[in-house]
Amino acid sequence: GYYPEACHRDFLAFSIATSCRESCVSIFLCSNVLSTAKLGCKLDLDFIVRNTWNCEYNPKTFPAITIRIRKPRSTARLFRNGTLVCAGATSTDESHRAARKFARIVQKLNFPVRLLNFQIKNIVSCGKFFPVHLADVRQAYSKKCSYHPELFPSLFFRGLPGVTATVSPNGSIILNGKFHPTVYQSHSSYFCKHIAKHRDKCGSPIPSRVKDEPCSVALHSSKSIRIL
C-alpha cells in the first residue's frame, strides 16, 4: 500500500542526511555515562544477592555485586564498603535517576542507605564525520596526537584537558572524558574544526545505511546534538 506519511518521513530523513554530509555536520550522541556515589553504610553482599532480582555476585572473580535495571537501562556495582558505580545511562539525569533506584533497592532490604557524593566520572559520546587522513592529522598535531597504525587503527587526539577524541579512518569520532553535557558543542566543534582540515575526499565512503543512521536518530531523539 501507499502511505504518504511514511514516505514523507523517509524523504525528510534522507534530505537531512544528505545535507549533513554536504555541509560537514556531525551529530554526537551520548552513549554512556559513568557515575559513582556513596550509600553511607556497609553492605552485606551475600544477603543482598539472595533477596534481589537481576543480581550477580561471584567473590572469586570480582568483589562486588552487579545489579541491572531496565528503566533507565543501567548497570551498577555495589561494594561492601557502600560504594556504588553506575554505568550504561545515556544522560547525566538518567544516571542520577538510576543511582537513586539502586539505592532504593538496597534501602528496601533495611539498610540505612543515603545517596551521598554523587559524581559524574566519565561521559562517552559518538558521532559520524567523513573519512580522514590520520597520518596528516598526526603530522600537523604531533604534540596532541597519538597514532600507531601497527598497534591500533585509530588516532587519539588530546586537544582539550580531560577529553580524548578517538578518530577512526572512516570518520567515526568518540569523545571520552569528564565534561559537562552543556559543553558538548564547544568540545565537538573544537575537534571537528581541527580534523576537517585533513578530510580524505578520495577515501572509500561510509556505507549509506551507516551514514544515515545518526541523522535519522536526530529526527526522533531530543538527546542528539547537531554540531555545525
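The values are calculated or read from the model by the stated rules, or taken from the named source; none is laboratory data. A quick note: this is a predicted structure, and the numbers were derived from the prediction, not measured. Backbone-built Cβ (ideal geometry, glycine too); neighbour counts: all protein chains shown.
Go through (1) polar (S, T, N, Q); (2) in a helix (DSSP H, G or I); (3) modelled with pLDDT of 90 or more for residue 18 and report which single condition fails.
All conditions are met except number (3).
Need the failing condition index for residue 166 against (1) surrounded by fewer than 18 Cβ atoms within 10 Å (Cβ to Cβ); (2) over 15 Å from the mean Cα position of the chain (by Cα), just the number.
Condition not satisfied by residue 166: (2).
Residue-wise test of (1) at pLDDT 95 or above; (2) touching a helix residue (DSSP H, G or I) at 6+ places or on another chain (Cβ under 7 Å); (3) surrounded by 14 or more Cβ atoms within 10 Å (Cβ to Cβ).
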| site | (1), (2), (3) |
| --- | --- |
| 77 | yes, no, yes |
| 85 | yes, no, yes |
| 89 | no, yes, yes |
| 94 | no, no, yes |
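What's the number of the only condition in (1) assigned by TED's automatic domain parsing to the domain that holds residue 74; (2) surrounded by 16 or more Cβ atoms within 10 Å (Cβ to Cβ); (3) modelled with pLDDT under 90 that residue 184 fails to meet?
Residue 184 satisfies every listed condition except (1).
Taking the criterion of being at pLDDT 95 or above and within 19 Å of the chain's Cα centre (by Cα), would at least one residue in the range 36-56 satisfy it?
Yes, because at least one residue in the range 36-56 is at pLDDT 95 or above and within 19 Å of the chain's Cα centre (by Cα).
Does residue 92 satisfy being in contact (Cβ under 8 Å) with a residue 24 or more places away in the chain and among the β-branched types (Val, Ile, Thr)? Spell out the reasoning first.
On the way: in contact (Cβ under 8 Å) with a residue 24 or more places away in the chain: yes; among the β-branched types (Val, Ile, Thr): yes.
Answer is yes for this residue.
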